[in-house]
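The values are calculated or read from the model by the stated rules, or taken from the named source; none is laboratory data. Remember, predicted model here, so these are calculated numbers, not experimental data. Here the Cβ positions follow ideal geometry from the backbone for every residue, glycine too, while neighbour counts run over all protein chains shown.
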Amino acid sequence: MKPYISLFKMRVLKGLQYKTAAIAGILTQFFWGIMYIMIFEAFYSSTTNPQPISLVELAQVVWLQQSFLVFIMLWFRDNELITQITSGQIAYELCRPMNLYSFWYAKLIAQRLSAAMLRCLPILLVASLLPEPYRFSLPPDLITFLLFIVTLFLGLLLIVSISMMIYISIFYTMSGTGSLLIFGVFGEFFAGMLIPVPLMPDALRRVVYLLPFRYASDLPFRIYAGNIGTREAIISIGVQILWLSVLVLIGRMWIKNALRRVVIQGG
Amino acid sequence: MKLYFKYMSVLLRSQMAYRASFILLSIGQFFVPFLAFISIVLFFQRFPSVVGWSLYQVALCYSVVHMAFAISECCVRGFDSFSSLIVNGDFDRILVRPRSTVLQVLGSKFEFTRVGRLTQSLVVLIYALINLDVQWSPYKLLTLLFMIISGVFIFSGIYILGATLCFWTVEGLEVVNILTDGGREMAQYPLNIYKDWMRKFFTFVIPFGTINYLPLMFIFDKTEGNSLVYMLIPLVGILFIIPCLMIWGFGVKQYQSTGS
């Protein structure tokens, strides 16, 4: 476990170096957040029917989406990993006395964590100073907050295990662009990033609940907003763990298979 | 101008060399905005209208903005990825050639895979035109055409501004995305659904309003007073490129190579 932890630390420190990029990212995400809430506000103002999620709750979801964007984005990619696979430098990685799957897993999580650490607090802080309905507020109670933290981290593990699949597929296709694009676009849609899950038509929502994508972003954020009750949240944690173990298991088997095919030439 | 098309045909041929990858990327480019449009349709299933605009009216607005975005992303890609020219030092080579820098940077890259996005917005445009209940006249069609052309110029202007920033710093260029991607997302809805300050910024500073809200009023017969003004407003948006090019010229003069 120790090598994974130190690798993890190194990555986090490396990520914290890029401060300008982080500030630029914060500004960008702040703009997107405001814009989305304005669009939702405009839609909400055109009807008096009650909606399955209130505008204030939706604002919480939007701000969490923006500040934890790097946690939940499938297209957040590590070019280093991709070049390693396509250029054959993977040979060095294989020499290390570590399990390749766990090694990459630690690396990818660290990357997302370091990127999010810099961004989430400033965005949420400024957002909590805005007037209603744009304001980001505290969760209704402590249990909600704890459930949010637990589901958020399980969600991070889930997203990384999905993106591991994308990287492993590069062993076969030699180019990540295609699979990243397809996974990224559809994953984003099914995670409720384009249209919030509660506002989807019933049939679509049923499909979305069956897929893993929403359990990484929609679930923790709506728990925070108070849109999902405690009982449903606890059941969903079970679903998260189930998906996580299935995906990690498949990923490990698949990478073993892929590595068996790898032929290292010369040296 | 002849040189520009020469650049274009060379790059087209080089991208066509990998035909399968080109087709796949184009198809991918078709689906990215397509799902965004599906989401808009889904929104309208739940909400009847947005500040008085119907789905088809928004669809028209959406298709115009996305079409302009696709064309400018294809043709002005050189400016979008300009930071790599600076970092590699390739810009120094451009400076010593006896042709204008704008032309050469424009010709340095084309993204023909944006054909996918363009097709998508054409489909949405046709969908909107079939379903809209509007008395079309030659003037309105002309206005629509002006809107697209002007949109291309506005997006190009923003790309040029972003590239000019590279003369001073190549870090934190993500901010430019607020104006390009953000501008696109924002202008796909009529601007009057937003708060006042937001609308004013995107009308008077970055003139998205001239291709969006104002001419749309004319097309949907919501105008009061002289409609000729509304018709010609998109052309004002084209003027946006002039200050952008001036700032670019200033940047080129300031530029000091990194040496070696």
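So here's what we get for this one:
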| read-out | value |
| --- | --- |
| Selection from region B:98-134 of residues that are more than 14 Å from B:SER26 (Cα to Cα) and within 18 Å of the chain's Cα centre (by Cα) | B:VAL102, B:VAL105, B:LEU106, B:GLY107, B:LYS109, B:LEU122, B:VAL123, B:VAL124, B:LEU125 |
| Selection count where residues are in a helix (DSSP H, G or I) and touching a Ser or Thr at 6+ places or on another chain (Cβ under 8 Å), scope region A:75-120 | 6 |
| Residue that is touching a residue at least 12 places away in the same chain (Cβ under 8 Å), assigned to a helix (DSSP H, G or I) and of a type in the set (Lys, Arg), where the choices are A:ARG205, A:ARG214 | A:ARG214 |
| Output for region B:24-42, where each listed residue is surrounded by 21 or more Cβ atoms within 10 Å (Cβ to Cβ) and closer than 27 Å to B:LEU106 by Cβ | B:LEU25, B:GLN29, B:PRO33 |
| Lone unmet requirement of (1) part of a loop (DSSP other than H, G, I, E, B); (2) in contact with a helix residue (DSSP H, G or I) (Cβ under 6 Å, 6 or more places away or on another chain) for A:GLY178 | (1) |
| Test: residue in region A:253-263 that is among the small types (Gly, Ala, Ser) and under 19 Å from A:ILE90 (Cβ atoms) | yes |
| Criterion: part of a helix (DSSP H, G or I) and without any contact (Cβ under 8 Å) to a residue 60 or more places away in the chain - qualifying residue of A:PHE189, A:PHE183, A:PHE145 | A:PHE189 |
| Residues satisfying the stated conditions in region B:166-205, i.e. modelled with pLDDT of 85 or more, at the interface with another protein chain (Cβ under 10 Å from one of its Cβ atoms) and in contact with a Cys (Cβ under 9 Å, 6 or more places away or on another chain) | B:GLN188, B:TYR189, B:PRO190 |
| Unmet criterion (only one of (1) surrounded by fewer than 16 Cβ atoms within 10 Å (Cβ to Cβ); (2) within 14 Å of chain B (Cβ to nearest Cβ); (3) of a type outside the set (S, T, N, Q)) for A:MET10 | (2) |
| Boolean, A:PRO133 is modelled with pLDDT under 85, within 30 Å of B:ARG46 (Cα to Cα) and away from chain B (no Cβ under 14 Å) | no |
| Of all residues in region B:43-57 being buried (at least 16 other Cβ atoms within 10 Å of the Cβ) and in a helix (DSSP H, G or I), the one that is farthest from the other protein chains (Cβ to nearest Cβ) | B:TYR56 |
| Within region A:28-56, tally of residues that are facing chain B (nearest Cβ under 9 Å), within 23 Å of the chain's Cα centre (by Cα) and β-branched (Val, Ile, Thr) | 2 |
| Residues that are more than 18 Å from B:SER54 (Cα to Cα) and out of contact with any Pro (no Cβ under 6 Å at 6 or more places or on another chain), drawn from region B:124-143 | B:SER137, B:PRO138, B:TYR139, B:LYS140, B:LEU141, B:LEU142 |
| Test: A:TYR167 is in contact (Cβ under 8 Å) with a residue 60 or more places away in the chain, of a type outside the set (A, V, I, L, M), part of a helix (DSSP H, G or I) and in contact with a Leu (Cβ under 6 Å, 6 or more places away or on another chain) | yes |
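Here is a yes/no grid of residues against (1) out of contact with any Cys (no Cβ under 8 Å at 6 or more places or on another chain); (2) among the aliphatic types (A, V, I, L, M); (3) in contact (Cβ under 8 Å) with a residue 24 or more places away in the chain:
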position	(1), (2), (3)
A:TRP63	yes, no, yes
A:PHE68	no, no, yes
A:ILE72	yes, yes, yes
A:GLU80	yes, no, no
A:TYR101	yes, no, yes
A:ALA110	yes, yes, yes
A:LEU113	yes, yes, yes
A:TYR134	yes, no, yes
